[in-house]
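One structure below.
The values are calculated or read from the model by the stated rules, or taken from the named source; none is laboratory data. In this text the structure is predicted, and so the values were computed from the model without any measurement. We place every Cβ from the backbone using ideal geometry, glycine too, and count neighbours over all the protein chains shown.
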Amino acid sequence: MNRGLLSIALATLLTACALPAAQDPAGAAPVAASALPYRLKVVAEGLEFPWGLAFLPDGRMLVTERPGRLRIVAADGQPSPPVTGVPAVFAQRQGGLLDVVLDPGFATNQLVYLSYAEADAFGMAGTAVARGKLVGNALTAVEVIYRQSPKAEGGLHFGSRLVFAPDGTLFVTQGDRYIHKDGAQTLDNGYGKTVRINPNGSIPLDNPFVNTPGAQPEIWSYGHRNMQGAAIHPVTGQLWTQEHGAMGGDEINLDLAGRNYGWPVITWGVNYDGQPIGIGTEKAGMEQPLTYWKPSIAPSGMAFYTADRFPQWRGNLFVGSMKFGYLNRIELDGTRVVAQEKLLTEVDQRIRCVRQGPDGYLYVTTDSPQGRVLRLEPA
């Protein structure tokens, strides 16, 4: 197949489909949305489990492959040889090389940030963040600026997305490491936490738990399960995150400083054996999600759309579904979900990453051994 921009035949008979099992805790049921015809183009292919995507100022893209490679994808869709200097990753089960973002000052400092699963000498692993200067096809002066602590056994629930806040601080979402889910409720570890750090890894002095004895000062929020999506709201500047539930209970949250999002004390899902988790769906002092899915859609990747290519979609939120293989379009009224639509069902592949490009188009990656970068354009 040609590695250039290839059209995939897409009928304009896209049928709007509300997600009937998705729930709005505020009580407003999502309604059917009008389908908007689009066409789909292959930007790059032959990537092994592409996980994260970032756009370089010159039109090229950085793409992470979960086994541990960072690629630069040229304008013609050709991936580079692996970028050198990438830290060694723990590439087992859900672990590996995860997200990639550019420093807000990339044009002058060429700094790139990577999140990944990192192992120690004893085989214990945790989420980590490194940054380095992109020079040609190499990362140089690489330094680890954050490590989830303590590391843990196993290869599940690392998160992780990276998002720069409007004030220049960096949010890092993480998983609860699965067997350590109870640690999501305590502040002495990094399990199930969103953390907020400065670009050099130092701790912002206005973090919510900086002065809390025994708390890790980088913690921004807690009580999460496995967060694989994060985005800054384009109007409010607030952090939104989404996370995997167990069997049901995938969530989208308005991720606020110091808040407890409940896992595993409260959840809208149940365990994989059908048994209840925690005490139910609500408890005083614990936040409710903005919406949740039951059954789970296995969400990964999240982006607000703000451009003009699809004016009807401006202000919508887009989330990838790995379990069912579609892109979920969400219409919002403030923080309330009012409609949802399934897109890319014809692709029928796990959607891992969702990004709005500088050209105003939507880009997604497909999570497979022969993964692709796809672009949505108006039909």
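Restricted to region 307-362, the set of strands (runs of 3 or more DSSP E) holding at least 2 residues that are small (Gly, Ala, Ser) comprises 317-321. One residue stands out among those in region 332-348 that are modelled with pLDDT of 95 or more and of a type in the set (S, T, N, Q): the one that is nearest to residue 236 (Cα to Cα), which is 335. Determine, yes or no, whether residue 20 is modelled with pLDDT of 55 or more and either aliphatic (A, V, I, L, M) or part of a loop (DSSP other than H, G, I, E, B) (or both). Against the criterion (modelled with pLDDT of 55 or more and either aliphatic (A, V, I, L, M) or part of a loop (DSSP other than H, G, I, E, B) (or both)), residue 20 does not qualify.
The set of residues in region 153-168 that are in a loop (DSSP other than H, G, I, E, B) and over 11 Å from residue 237 (Cα atoms) comprises 153, 154, 155, 156, 157, 158, 159, 160, 161, 168. Every condition in (1) surrounded by fewer than 16 Cβ atoms within 10 Å (Cβ to Cβ); (2) assigned to a loop (DSSP other than H, G, I, E, B) is met by residue 182 except one, and the failing one is (2).
One line per residue, one yes/no per condition, for (1) surrounded by 16 or more Cβ atoms within 10 Å (Cβ to Cβ); (2) touching a helix residue (DSSP H, G or I) at 6+ places or on another chain (Cβ under 9 Å); (3) at pLDDT 60 or above:
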site: 34; (1), (2), (3): no, yes, no
site: 56; (1), (2), (3): yes, yes, yes
site: 59; (1), (2), (3): no, no, yes
site: 62; (1), (2), (3): yes, no, yes
site: 66; (1), (2), (3): yes, no, yes
site: 73; (1), (2), (3): yes, no, yes
site: 80; (1), (2), (3): yes, no, yes
site: 99; (1), (2), (3): yes, no, yes
site: 114; (1), (2), (3): yes, no, yes
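All of (1) buried (at least 18 other Cβ atoms within 10 Å of the Cβ); (2) at pLDDT below 95 hold for residue 47 with one exception: (2). If you filter region 295-311 down to residues that are in contact (Cβ under 8 Å) with a residue 12 or more places away in the chain and surrounded by fewer than 17 Cβ atoms within 10 Å (Cβ to Cβ), you find that the one that is nearest to the chain's Cα centre (by Cα) is 306. Applying a threshold of 9 Å to beta carbon distances and a minimum spacing of six or more residues, or different chains, the list of pairs starting in region 100-111 at a residue that is assigned to a loop (DSSP other than H, G, I, E, B) and ending at one that is surrounded by fewer than 19 Cβ atoms within 10 Å (Cβ to Cβ) and among the small types (Gly, Ala, Ser) reads 104/168; 105/168.
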